[in-house]
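Here's the structure we're looking at; comments come further down.
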Number of protein chains: 2
Amino acid sequence: MIRHTVAFTLRHAAGSPEERAFLDAALALAGIPGVERFERLRQVSAKNGFSWGFSMEFADEAAYGAYNVHPVHEAFVRERWVPEVAEFMEIDYVAI
Amino acid sequence: MIRHTVAFTLRHAAGSPEERAFLDAALALAGIPGVERFERLRQVSAKNGFSWGFSMEFADEAAYGAYNVHPVHEAFVRERWVPEVAEFMEIDYVAI
């Protein structure tokens, strides 16, 4: 199992319709083959500056790789992520 | 549910007995009341510099707060975390 997470902030104002639209659009990622346990999360620690997070799991590297090049993922990155995300950090975990 | 995560690097060499001892000592945290789904994780993304992660969940803020001041947690922070961790970032999530 590989858990892919990304913490991020949006260019949109907190509570804005644009923020809600972005988070709703991200649900499309959950339908990409190989994506398991997709979660949209609010980041609540005061010890970093991120406001949101996504988390998803893949069975293996092949599933993760297929997600990365899936047209739905590539369209989301191009049409929503790049123009609307201000800062982000990707953190990926495997169990030990 | 609050998911408390921390990504970190150790002062120890990769694969060293000291690294293993630190990761083993951290299992004590799993026994603190209120800690659910405790995980020790290897960080595998090349997009950040962290090597390890812990993840745990709490039912609510009260359980998280009790963990923070629990003697086993405070001893781990004082005796292992502060002297052995080089860099870290805490990220906490709640579902939306």
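Could you order peptides A:69-77, B:37-45 by the average number of other Cβ atoms within 10 Å of their residues, highest first?
Numbers: A:69-77: 13.3, B:37-45: 16.1.
Ranked by mean Cβ neighbours within 10 Å, highest first: B:37-45, A:69-77.
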### Message
I'd like the Karplus ³J(HN,Hα) series for the range B:50-60: coefficients 6.51, -1.76, 1.60, θ = phi - 60°, whole numbers in Hz, and an x wherever there's a Gly or Pro.
### Response
7, 10, 9, x, 10, 9, 8, 10, 10, 5, 6
### Choice from A:Glu61, A:Glu19, A:Glu84 with maximal GNM fluctuation in chain A (Cα, 10 Å cutoff)
A:Glu61
### Query
Check B:Asp92: other-chain or 5+ apart residues with amide H under 5 Å from its amide H, H built from backbone geometry?
A:Val44, A:Ser45, B:Thr5
### Query
Tell me, what ³J(HN,Hα) does each residue in the range B:27-36 have, in order and in whole Hz, if you take phi through Karplus 6.51 cos²θ - 1.76 cosθ + 1.60 with θ = phi - 60° and put x for Gly and Pro?
4, 4, 5, 5, x, 6, x, x, 7, 10
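Could you work out the relative contact order of the range B:3-96, using alpha carbon pairs under 8 angstrom and six or more residues apart, expressed as a whole percent? Before the final figure, lay out the partial values.
On the way: 131 pairs, mean separation 42.8, N = 94.
For the range B:3-96, the relative contact order is 46 percent.
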### Message
Suppose each label sits 7 Å from its Cα in the direction of the beta carbon; what would the A:Asp60-B:Val77 distance come out to in nanometres?
### Response
4.2 nm
### Task
For chain A, compute Rh as the Kirkwood radius over C-alpha pairs and then the Stokes-Einstein diffusion coefficient at 10 °C and 1.306 mPa s; write the answer in µm²/s, rounded to an integer.
115 µm²/s
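Given Cβ point charges of +1 (Lys, Arg) and -1 (Asp, Glu) and nothing else, what value in debye, to the nearest 20, does the dipole of the protein assembly as shown about its Cα centre take?
Numbers: 18 positive and 28 negative charges, 23 e Å.
So the magnitude is around 120 debye.
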## Note on the structure
Inter-copy distances for A:Val82, nm, shortest first, label points 7 Å along Cα→Cβ, are 4.7
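If you place +1 on the Cβ of every Lys and Arg and -1 on the Cβ of every Asp and Glu, how big does the dipole about the Cα centre of chain B come out, in debye to the nearest 20? Walk me through the numbers before you get to the answer.
Working: 9 positive and 14 negative charges, 63 e Å.
For chain B, the charge dipole is close to 300 debye.
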### Task
Sort out for me the Cα centre separation of the range B:32-52 from the range B:68-96, rounded to whole Å.
11 Å
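FYI, it's all coordinate maths here, none of it is from the lab. Computed from a predicted model, the values in this text were never measured in an experiment. When we count neighbours, we look across all protein chains shown, and the Cβ atoms used for this are built from the backbone with ideal geometry, even at glycine.
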